[in-house]
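Scroll down for the structure; my scribbles are underneath it.
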Amino acid sequence: MGGKNRFASAGRGRAWLLSSSAGAAYAVCAGLLLSLTLGLALLATGLRAQWLAGERAEFVAGQLNWQLSPAFAALARLDALPPGTDCGAQAQELAELVQRTSLVRFAAARGAGGVVCASRRGVVAEPFESGARLLPTGNGRMVPGLRLANAAGMLELDAGPLVAQLALAERESLKMSLQVGGEVLVASGEVRPLGAEPVGEASWLPSAPERIGVLAAPQWSALVWQALRTQWLALLLAAALGCGIAWGVRRGGGGRKATGWEIAEGIRQKEFFAHYQPIVTASNGECVGVEVLARWRHPVQGNVRSEVFIQTAIDAGLIVALTRYLLRRVAEELQQIVLPPGFMVGINISTEHLALPELLDDCRALVNLLRDKQAQLVLEISERAPLQEASGAQKVINGLRQMGVRLALDDFGAGYADKAYLSRWGFDYLKVEKGYVSALGQDSLKGNILDGLLLSSNEMGVQVIVKGVETQGQQSYLNVKGFEYLQGFYFGKPMTLNHFRQWLYSGIAESRGRPPGKTGGEG
Ligand code: G
Ligand code: G
Ligand code: MN
């Protein structure tokens, strides 16, 4: 059929959509946390780098200031040279100055009448202006220099040791340079215009006659790498945390709000199915019926707990559609199984559904099938949502009765049903809330209520089914007290029809169901 194919491909499409949106949720959460952490790591690294740059600029400036201070002092003393016109005496003095002042490799002084005398005889000093400037290599200069000049004269310093200092202080993530005027001397020994270099923290040499400073510029690209290298553990944790959050959100979200759309789609894709839980006699554990419990295998989230999706289905107005589907599916399934005579099949019905005349049609196929098998349908109505007179449920119930359907008051003891409520709606069975059995031997009040219940149920002609029986002790006790029907994990958990069939015919039910010392013992 074309329709079937269409649904099948729609199913695949939806599973893909859901799983890809799951992947997206992980990616978004992990990415968000990752970039947040990376941002913080970069910020921290950046602030630290800036602080470090300031520190280092200041330290190197201090060192260079100390290295250069003899030259600074010598420059200040140039005007104390003896005046002369022939440069002879001056050249001698200048040569001695070069000899004893560290870093100075050449000196010149203005003599009387504008003559310039040099520290080396026969060398003509280039013209110079007051101030400081860098001298790049080239023009016969093997090592860069620093020229300091004032009105009295000029000193040319060997900048090699300064370069060495810069190189020593430099790091992959921190470029060091010496700024003189509009130029910088970088750690490789080159001289470049100031604008070409990234500017960082500057620290000025305190004793310099001119503005000479040490620059320390953080290298941001290297810092990103450094942040990645040093913070990888934090980044890894952030990514893991992001995935964890995504998982939590998806699980919590999937748990709390399986959307109405998903339920509607789940019905269409036949993702809902039935589990069957045995109802047995208290005296010998013989199976006399089952309760049908809805189960949902979600294509992505797997098995969804019924407490979650039943409430969502009720809230989304889809519980009728879900039950209708389940009734049909159960009618199909039960065709395959031979049932003991008088077998009861319990189905949970919402009060809302019970007010709809369509319920009669919804039940018809199952009712007919069960009639053929001499079994009967029991609709379980929870005490938690009481039936209302005005809802029109009475008419529907009358119709159901004519079809031979029976009614059970489910979760008895959880709400506030009284005798009047029971007789008004004509319930055939009372299903006692789980808490009453687990309270046996612990909560004497609830235990007493269980005793009193038998008396009044006999009076009213309703049969009691006790739910939540989990131990042999509980079975023995309830049997001795005179309860007739029991349901609980001790006899059988909710299971698929195939499992139920095996369980029903394997005889396990009888061997574990028969209480020891049935005739005399007390539980
Ligand atoms: O087996 P389990 O944990 O699924 O049952 C939880 C509750 O969900 C039961 O108390 C039962 O009332 C409710 N429930 C299970 N299946 C259905 C269903 O098909 N319709 C309604 N209305 N309730 C159901
Ligand atoms: O609709 P109703 O509340 O009757 O559904 C029965 C619910 O009780 C199901 O969720 C089923 O899984 C659960 N249940 C059945 N037997 C036991 C039992 O022995 N102990 C406990 N704790 N839960 C049970
Ligand atoms: Mn029930």
Review point. Within the stretch 386-420, which residues are in a helix (DSSP H, G or I) and either within 16 Å of ligand 3 (Cβ to nearest atom) or among the hydroxyl-bearing types (Ser, Thr, Tyr) (or both)?
Key: Ser391
**Study point:** Residue list for the stretch 328-357, filter: in a helix (DSSP H, G or I) and either within 16 Å of ligand 2 (Cβ to nearest atom) or in contact (Cβ under 8 Å) with a residue 24 or more places away in the chain (or both)
**Key:** Arg328, Arg329, Val330, Ala331, Glu333, Leu334, Thr351, Glu352, His353, Leu354
Exercise for review: Looking only at the stretch 79-86, decide whether some residue is under 60 Å from the mean Cα position of the chain (by Cα) and of a type outside the set (D, E, K, R).
Suggested key: no
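Okay, residues lined up against (1) at negative phi; (2) touching a helix residue (DSSP H, G or I) at 6+ places or on another chain (Cβ under 9 Å); (3) small (Gly, Ala, Ser); (4) within 16 Å of ligand 3 (Cβ to nearest atom):
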site	(1), (2), (3), (4)
Tyr276	yes, yes, no, yes
Thr281	yes, yes, no, no
Val290	yes, yes, no, yes
Gly302	no, no, yes, no
Arg305	yes, yes, no, yes
Ala331	yes, yes, yes, no
Gln336	yes, yes, no, no
Point to revise | Residue that is surrounded by the most Cβ atoms within 10 Å (Cβ to Cβ), among those in the stretch 421-448 that are in a loop (DSSP other than H, G, I, E, B) and within 16 Å of ligand 1 (Cβ to nearest atom) | key: Phe427
**Study point:** Selection within the stretch 99-157 - in a loop (DSSP other than H, G, I, E, B), at pLDDT below 90 and β-branched (Val, Ile, Thr)
**Key:** Val115, Val123, Val124
Point to revise | All positions within the stretch 333-370 that are under 21 Å from Glu286 (Cα atoms), out of contact with any strand residue (DSSP E or B) (no Cβ under 6 Å at 6 or more places or on another chain) and away from ligand 1 (no atom under 16 Å from the Cβ) | key: Gln336, Ile337, Val338, Leu339, Pro340, Pro341, Gly342
**Study point:** Tally of residues being under 18 Å from Trp51 (Cβ atoms) and either of a type in the set (Asp, Glu) or in contact with a Gly (Cβ under 8 Å, 6 or more places away or on another chain) (or both) across the stretch 193-250
**Key:** 9
Point to revise | Matching residues, the stretch 356-385, being touching a Gly at 6+ places or on another chain (Cβ under 7 Å), more than 16 Å from ligand 3 (Cβ to nearest atom) and either modelled with pLDDT under 95 or among the charged types (D, E, K, R) (or both) | key: Arg371
Study note, to complete from the structure: Counting only residues in the stretch 161-196 that are charged (D, E, K, R) and surrounded by fewer than 16 Cβ atoms within 10 Å (Cβ to Cβ), the one nearest to Ser221 (Cα to Cα) is identified as Glu172
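Any idea which of Gly113, Gly62, Gly54 is closer than 20 Å to Gly213 by Cβ and either of a type in the set (A, V, I, L, M) or exposed (fewer than 15 other Cβ atoms within 10 Å of the Cβ) (or both)? Write out each step before concluding.
Numbers: Gly113 fails: closer than 20 Å to Gly213 by Cβ; Gly54 fails: either of a type in the set (A, V, I, L, M) or exposed (fewer than 15 other Cβ atoms within 10 Å of the Cβ) (or both).
Step by step, each of Gly113, Gly62, Gly54 is checked, and only Gly62 is closer than 20 Å to Gly213 by Cβ and either of a type in the set (A, V, I, L, M) or exposed (fewer than 15 other Cβ atoms within 10 Å of the Cβ) (or both).
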Exercise for review: Working only within the stretch 469-498, note down all residues that are in contact (Cβ under 8 Å) with a residue 40 or more places away in the chain and either assigned to a helix (DSSP H, G or I) or away from ligand 2 (no atom under 14 Å from the Cβ) (or both).
Suggested key: Gln472, Gly473, Gln474, Gln475, Ser476, Tyr477, Leu478, Asn479, Val480, Phe483, Glu484, Leu497
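The values are calculated or read from the model by the stated rules, or taken from the named source; none is laboratory data. Treat the numbers as computed from the prediction; the structure is a model and nothing was measured. In this analysis, Cβ positions are derived from the backbone assuming ideal geometry, glycine residues included, and neighbour counts consider all displayed protein chains.
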